[in-house]
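Here's the structure, in structure tokens; my notes come after.
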Amino acid sequence: MDKQNNICAFINCNIIDGKFENDMIKEGVILVENSDGIGKIKSLGNKNEVSIPKDCKIVDLKGKYVLPGLINAHVHLFGDGKPNSPEEVKRTPDENLKYMKSSVGKYLIKETMKKNAMAALHAGVTTFRSVGDPFYYDLEVRDEIKNGAEVGPTMLCAGPMICITGGHGYKFVSEAIDSPWEGRKEVRNHIYNGTDLIKIANTGGVTDSKKIGEAGRAEMTYDEIAAICDEAHRAGYLVASHCQSTKGLKEALRGGVDTIEHGAEMDDEVISLFKHNPNSLRGYSSLTPTFLTIYYISGLSTKYTKLTDIQLANGKIIEKRMISGFKTALKEGIKLALGTDAAMPYVTHYGTWKELKLDVKYGATNEQAIMIATKSNAEILGIDKEVGTLEPGKFADFIAVDGNPVEDLNYLGNPYMVVKSGNILEKTNDYIIPEVEELIKGLDNNL
Ligand SMILES: [Zn+2]
């Protein structure tokens, strides 16, 4: 819908401000001031505390529950959750690469990316971070959405990952470096091209593995990681790393990586580096598990995921490691983010809310899961002055749901209303992919 200019009062709602310091605000009012299509929270509180100006637009939320918009710290925009099409599977890797770089390929990939971004927003994900997409297409999509007439999500984009020659994502979603100085040069390239952060792959991954044990193999050397982190931090950029083994964790954290994506078993040195990391940008590092992707990979036949038996076996190894890392992080008070790895087989951009349920399955409370997906994610991504909690001065990014999500996270699955920067999104279910839903129904019931 078009961007608005007005003052708007959202009334008659239960407000979960996301700070979890006080009780939920009953019979709440959120006053939003829109200017040039950007709406910020002017005030919020119980109806007796907030005075509603005359001529103000009123939106009656009919007793719904309002909470901060969800943030997804780990997505890829190039895929919508449907596994590779038969044409893609038939083409050789070189043919696929040629297609992706062609003008038709680029156009179609960018269209998919835009659709995915909007699917996320309509499902209540008001901000997300893309951490590895081909050829900087994500930056183009980010800028086109930002400058477009339609209201879009806030997007933080990494551009392509940085890996070693032959490493995770090589050629398709990663640029290769093979020395510390090549690492520095690639960081400079990324910053010049306008990325919001740097994403590296310091270990191998599941979906392009060809040998058992390749996922999690320490690929990038400590010297390369340290050079990349130093270069990025000099310019104030955070570094995220795809990392799936204890050895990889040690090298990444020692080198200064700020956010560890996926994770693995932690020993004492790893735990202490997460909490106090002298080489990180802010003195600590955080963990982003991505359970949903591994849940579908291990729960569905390779007939559907289009993975090889080796990739499936690697996925099951990584699943155990990720669960172990998350449990340790919860116990030790390591800062946690929430991500889904959307684009992987059956992980849709509108399915982010399910990751909260998996956090709970592995030991978090509902309240903790909500906090990880909102306040904690905002802090980790460095955007907590703008989003993550509902407070005066922050963007009016919130969702209204039918029941109390602290009691039942399922309410997050179908928001009654999504508000992005004060703009009410028109409700639609057009983004739902029926063939994906049909196949994951059983697994989703066991979340
Ligand atoms: Zn990923």
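Checking the structure you have, find out if any residue of the stretch 105-116 is surrounded by fewer than 23 Cβ atoms within 10 Å (Cβ to Cβ) and in contact with a Gly (Cβ under 7 Å, 6 or more places away or on another chain).
So far as the stretch 105-116 goes, no, none of its residues is surrounded by fewer than 23 Cβ atoms within 10 Å (Cβ to Cβ) and in contact with a Gly (Cβ under 7 Å, 6 or more places away or on another chain).
Of all residues being within 16 Å of the ligand (Cβ to nearest atom) and closer than 13 Å to Pro345 by Cα in the stretch 306-319, which is surrounded by the fewest Cβ atoms within 10 Å (Cβ to Cβ)? Just the residue, please. Give the derivation first.
Let us first name the residues in the stretch 306-319 that are within 16 Å of the ligand (Cβ to nearest atom), namely 307, 311, 314-315, 318-319.
Filter again for closer than 13 Å to Pro345 by Cα, leaving 307, 311, 315.
Values: Leu307: 24, Gln311: 21, Gly315: 25.
Out of the qualifying residues, it is Gln311.
Here is a yes/no grid of residues against (1) within 16 Å of the ligand (Cβ to nearest atom); (2) among the polar types (S, T, N, Q); (3) under 30 Å from Lys211 (Cα atoms):
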site: Asn277; (1), (2), (3): no, yes, no
site: Ser286; (1), (2), (3): yes, yes, yes
site: Tyr295; (1), (2), (3): yes, no, yes
site: Ser298; (1), (2), (3): no, yes, yes
site: Tyr304; (1), (2), (3): no, no, yes
site: Arg321; (1), (2), (3): yes, no, yes
site: Thr348; (1), (2), (3): yes, yes, yes
site: Trp353; (1), (2), (3): no, no, no
site: Tyr362; (1), (2), (3): no, no, yes
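Going by what's in this entry, would Lys327 be described as open to solvent by 40 Å² or more (accessible area, probe 1.4 Å), more than 16 Å from the ligand (Cβ to nearest atom) and modelled with pLDDT of 95 or more?
Details: open to solvent by 40 Å² or more (accessible area, probe 1.4 Å): yes; more than 16 Å from the ligand (Cβ to nearest atom): yes; modelled with pLDDT of 95 or more: yes.
Yes, satisfied.
Filter the strands (runs of 3 or more DSSP E) completely within the stretch 32-105 down to those with at least 3 residues that are more than 16 Å from the ligand (Cβ to nearest atom) and either farther than 30 Å from Phe172 by Cβ or modelled with pLDDT under 95 (or both). I'd like the intermediate steps shown before the answer.
Numbers: elements: 38-46, 57-68, 70-75.
Answer list for the stretch 32-105: 38-46, 57-68.
What residue, among those in the stretch 330-346 that are part of a loop (DSSP other than H, G, I, E, B), under 23 Å from His122 (Cα atoms) and open to solvent by 10 Å² or more (accessible area, probe 1.4 Å), is farthest from the ligand (Cβ to nearest atom)? Steps first, please.
If we filter the stretch 330-346 for residues that are part of a loop (DSSP other than H, G, I, E, B), which is where we start, we get 333-335, 337-341, 343, 345-346.
Subsequent filtering for residues that are under 23 Å from His122 (Cα atoms) retains 337-341, 343, 345-346.
Next, only the ones that are open to solvent by 10 Å² or more (accessible area, probe 1.4 Å) stay: 341, 343, 345-346.
On the way: Asp341: 4, Ala343: 8, Pro345: 12, Tyr346: 14 Å.
So the residue we want is Tyr346.
Check Leu358 against each of (1) surrounded by fewer than 24 Cβ atoms within 10 Å (Cβ to Cβ); (2) within 16 Å of the ligand (Cβ to nearest atom); (3) on the phi > 0 side of the Ramachandran plot and name the one condition it does not meet.
Result: Leu358 fails condition (3) only.
Kindly indicate which of Ala378, Ala396 is under 13 Å from the mean Cα position of the chain (by Cα) and open to solvent by less than 20 Å² (accessible area, probe 1.4 Å).
On the way: Ala396 fails: under 13 Å from the mean Cα position of the chain (by Cα).
Selected residue: Ala378, the only one of Ala378, Ala396 that is under 13 Å from the mean Cα position of the chain (by Cα) and open to solvent by less than 20 Å² (accessible area, probe 1.4 Å).
Here is a list: Val187, Val141, Val173. Which entry is more than 22 Å from Ala227 (Cβ to Cβ) and open to solvent by less than 60 Å² (accessible area, probe 1.4 Å)?
Numbers: Val187 fails: more than 22 Å from Ala227 (Cβ to Cβ); Val173 fails: more than 22 Å from Ala227 (Cβ to Cβ).
Of Val187, Val141, Val173, the one residue that is more than 22 Å from Ala227 (Cβ to Cβ) and open to solvent by less than 60 Å² (accessible area, probe 1.4 Å) is Val141.
Could you list, in sequence order, the residues of the stretch 169-206 that are touching a helix residue (DSSP H, G or I) at 6+ places or on another chain (Cβ under 6 Å), more than 16 Å from the ligand (Cβ to nearest atom) and of a type in the set (Val, Ile, Thr)?
Hits for the stretch 169-206 are Ile177, Val187.
The values are calculated or read from the model by the stated rules, or taken from the named source; none is laboratory data. For clarity, every value in this text was computed on a predicted model and none was experimentally measured. Neighbour counts run over all protein chains shown; Cβ positions are idealised from the backbone, glycine included. SASA here: full protein model, heavy atoms, side chains in, ligands and nucleic acids out. Shrake-Rupley method; radii C 1.70, N 1.55, O 1.52, S 1.80 Å.
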